[in-house]
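Just below is one structure, and these are the notes that go with it.
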Amino acid sequence: MSADTAAAGTPYGTIPPASPLPQRKPISLPRLAQLRAAGEKITMLTAYDATFAAVADAAGVETILVGDSLGMVCQGLPSTVGVSLETMAYHTASVARGLRRAQGTAWVVADLPYGSYQESAEQAMRSATVLMQAGAHMVKLEGGGWTAPIVRFLVERGIPVCAHLGLTPQTVHALGGYRVQGRGDEGAAQLRRHALQLQDMGASMLVLEMVPAELSARLTEELPHCHTIGIGAGNGTAGQVLVLHDMLGMNLGKMPKFVRNFMQETGSIKEAMAAYVRAVKDGSFPDNTLHAW
């Protein structure tokens, strides 16, 4: 490579040198708690590779979720069930490398895929170790009740855990499809019981997916030590998450009700991500009249 080429930047569209961001602090569990205590919403987006992770970080996204949604948006699978632990480790490592090269500050959350933690706490520990060694800062698992001892087992061994209640895509067949969860007194009571138990077991973050907005807001108030991240759960949560491809308008199927196409509003990927961050921070997204149940 010539000096002129090197000076022009890295080849093949790879990650350019990072600009200094002295005003931004690396995201950590204490930093997330500070944001929430200050009343500032936490932003999360999915990313599955180095470049998109670096761009999201540069746009101000605090938490990057390496979601098993990659099975559907990257691999073309009909659900998340077919995603392997090996695949999750590959994409987690890609995201982590992108953030390191771009001197990123984002917190990386990686999904434990279907079948990698259901057998026992020991199996969950082995699987979580694979993802943490790949570069994750936290692992996410789905479900409540039976997951409580697994969460405690992991947290006691130094692995931060994000729980996931409401619509849990890995068990969508048992739920009867992509339906709102927590409706009715019985459903709301069970979801609340599971959420409080997960906080007691040490979960420091909780994704609430397709949960009625009123219930999500009430749970957020009752979970001071577990930061609620909503997706189709209204604007009363401590933060928000969207699948990257959805918020860029690249969904190959029907766009979910809770999604807003930020790419259509801005015209570039980085600007779309920055607009998402601003909208979450200023409370204009989600709009409960449009994006919640």
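Since every read-out is calculated from the coordinates, none of them should be taken as a lab result. Worth saying up front: this structure is predicted, and the values here are computed from it rather than measured. Methodologically, a virtual Cβ is constructed for each residue, glycine included, from the backbone with ideal geometry; neighbour enumeration extends over all protein chains shown.
Read through the labelled values (i) 67, 43, 39; (ii) 77, 48, 33; (iii) 59, 48, 36 and report the label of the one computed as Cα extents along the principal axes in Å from the structure.
(i)
Give me P(r) over the range 13-160, computed from all C-alpha to C-alpha distances, binned every 10 Å, as integer percentages.
Here the calculated profile for the range 13-160 is 12, 39, 35, 13, 1.
Take the alpha carbon atoms of the range 154-196, find their radius of gyration, then divide it by 2.2 N^0.38 Å using N residues; give the quotient.
So the Cα radius of gyration is 1.40 times the expected 2.2 N^0.38 Å.
Can you list the lysines whose alpha carbon is less than 18 Å from that of Lys41, not counting same-chain residues fewer than 8 positions off?
Hits, sequence-local ones excluded: Lys25, Lys281.
Evaluate the charge dipole of the range 135-196 about its Cα centre and quote only its size in Debye, nearest 20, assuming +1 on the Cβ of each Lys and Arg and -1 on the Cβ of each Asp and Glu.
Roughly 60 debye for the range 135-196.
What order do you get for Thr80, Thr237 when you list them from fewest to most C-beta neighbours inside 10 Å?
Fewest-to-most Cβ neighbours within 10 Å comes out as Thr80, Thr237.
Any chance you could give the angle, 0 to 90 degrees and rounded to 10, that helix 269-282 forms with the longest Cα principal axis of the chain?
Orientation of helix 269-282: about 40 degrees from the principal axis.
Given 20 °C and 1.002 mPa s, how large is the Stokes-Einstein diffusion coefficient of the range 167-233 in µm²/s, with Rh as the Kirkwood radius over Cα pairs?
178
Could you tell me how many degrees, from 0 to 90 and to the nearest 10, lie between the Cα long axis of helix 184-200 and the main elongation axis, the longest principal axis, of the Cα atoms of the chain?
Result, in degrees: 60.
Have a look at Thr129, Ile159, Val277 and report the one farthest towards the positive end of the charge dipole of the chain, computed about the Cα centre with Cβ charges (Lys/Arg +1, Asp/Glu -1).
Selected residue: Val277.
Binning at 5 angstrom from zero up to the longest distance, how are the C-alpha pair distances of the range 44-93 distributed in percent?
Over the range 44-93, the share of Cα pairs per 5 Å bin runs 5, 23, 28, 22, 14, 6, 1 percent.
Tell me what the chain gives for mean residue ellipticity at 222 nm when only DSSP H runs of n ≥ 4 count, each as -39,500 (n - 2.57), the sum divided by the residue total, rounded to 500 deg cm²/dmol.
Value at 222 nm, helices only: -12000 deg cm²/dmol.
Hey, if you put +1 on the Cβ of every Lys and Arg and -1 on every Asp and Glu Cβ in the range 138-293, which of Gly143, Met210, Leu248 ends up farthest toward the positive end of that dipole?
So the residue furthest toward the plus end is Leu248.
Could you line up Leu141, Leu65, Leu290 from fewest to most neighbouring Cβ atoms inside 10 Å?
Numbers: Leu141 25, Leu65 28, Leu290 10.
So the residues, fewest neighbours to most, are Leu290, Leu141, Leu65.
Tell me, Kirkwood radius of the range 94-173 from alpha-carbon pair distances, in Å? Walk me through the intermediate numbers first.
Numbers: mean 1/r = 0.0759 Å⁻¹.
Hydrodynamic radius (Kirkwood, Cα pairs) of the range 94-173 is 13.2 Å.
Only Cα pairs under 8 Å and at least 6 apart count here; give the relative contact order of the range 108-259 as a rounded whole percent.
Result for the range 108-259 is 17 percent.
Restricting things to Cα coordinates, could you compute the convex hull volume per residue of the range 208-253 in Å³?
Hull volume over Cα atoms, normalised by residue count, gives 65 Å³.
So what does log10 I(q)/I(0) come out to for the range 106-246 at q = 0.09, 0.13, 0.15, 0.20 Å⁻¹, using the Debye formula with one equal point on every Cα and no solvent?
Result of the Debye calculation: -0.24, -0.51, -0.69, -1.24.
Please list, short to long, the whole-number percent of alpha-carbon pairs of the range 202-288 in consecutive 5 angstrom bins beginning at zero.
3, 15, 24, 23, 17, 11, 5, 1, 0
Can you sort His164, His291 by how many other beta carbons sit within 10 Å, fewest first?
Sorted ascending by nearby Cβ count, the order is His291, His164.
Using the Karplus curve 6.51 cos²θ - 1.76 cosθ + 1.60 with θ = phi - 60°, work out ³J(HN,Hα) for each residue of the range 82-95 in order, rounded to whole Hz, and write x for Gly and Pro.
My calculation for the range 82-95 gives x, 6, 9, 5, 4, 5, 4, 5, 4, 6, 4, 5, 4, 4 Hz in order.
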